[in-house]
Amino acid sequence: MRCYFTLIPTLFALAMLTACGGHDHDHNSDQGGTPSSFDAVSKAVCVLSPTEGSELPDVAGTITFTQTKSGLLVEADLTGLKPNSKHGLHIHQWGDVSAADGSATGGHFDPQGVGKHALPDIHSHGDLVHALVLGHAGGLGNIETDDQGNATYTMSYENLSLTKANAVLGRGVILHRDEDTGEPPSSDAGAFVAQGVIGVADPG
């Protein structure tokens with residue numbers, strides 16, 4: 001009989017704790033309009049940081065990736081690069097920046113197993129410049145700087161996406177020291193000078 005009366009308050013306390021815990025979890029998961037799945041993600045951002053021993057130690061900036069009906073819109077705003085120069089920009093297989101030299105990002109992102117590198121085919125549709133990736137999906141081409149070493153970049157990639165075909169969300173980004181010449185197998189763009197990860201961004 002003693003065991004019976006001891007068990008009742010214990011079960012009641014556990015039930016109340018479970019109910020409270022469940023309520024808090026639901027409340028937190030709803031904050032900020034968080035997408036219920038990656039399929040609902042419409043915008044991502046990559047913050048670039050210099051690699052260890054980078055020949056361009058002051059490089060910095062962000063790259064945003066926005067899903068549109070016509071493709072993946074990529075917009076970059078970078079500083080600290082070589083003046084009046086071109087720098088190869090590539091998406092790499094892994095979003096792993098644990099290696100200071102950028103090597104943990106793996107090779108060029110190639111989900112379709114194309115196995116070759118090429119510069120994208122660039123063309124204009126109205127006021128927006130579009131590109132069609134011709135080699136592996138990670139070959140975004142080049143970013144060109146002004147005489148102060150700053151660069152802004154806007155390009156819509158027709159055959160890339162955040163979460164569908166050739167999805168880039170969660171992948172790594174590598175900025176190179178030199179121009180991407182489009183030569184296979186690796187673009188001949190020189191050392192890694194900056195790296196970052198494409199992460200989910202606030203769509204607002």
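The values are calculated or read from the model by the stated rules, or taken from the named source; none is laboratory data. Because the structure is a prediction, the values reported are computed rather than measured. Because the Cβ atoms are built from the backbone with ideal geometry, glycine has one as well, and the counts that use them run over all protein chains shown. Just the protein is used for accessible areas: all its heavy atoms, side chains included, with ligands, DNA and RNA removed. Shrake-Rupley method; radii C 1.70, N 1.55, O 1.52, S 1.80 Å.
For the reader, a short list of remarks on this structure follows.
- Taking 1.002 mPa s as the viscosity and 20 °C as the temperature, the Stokes-Einstein diffusion coefficient of region 26-167 based on its alpha-carbon Kirkwood radius rounds to 130 µm²/s.
- Computed FRET value (nearest 0.05) for S70 with K116, which takes r as the C-beta separation and R₀ as 25 Å: 0.45
- Normalised by the number of residues in region 61-186, the mean separation of alpha-carbon contacts (under 8 Å, six or more apart) gives a relative contact order of 37 percent.
- Local electrostatic count, S187, Cβ distance below 14 Å [Lys/Arg +1, Asp/Glu -1]: -3
- FRET efficiency for the pair D77 and D101, taken as 1/(1 + (r/R0)^6) with r the Cβ-Cβ distance and R0 = 25 Å, rounds to 0.55.
- Sulfur and carbon atoms: percent of accessible area, region 114-184 [1.4 Å]: 46
- Between amide H atoms placed 1.01 Å from N, distances below 5 Å from A201 occur with K43, A44, V45, all of them 5 or more places distant or on a separate chain.
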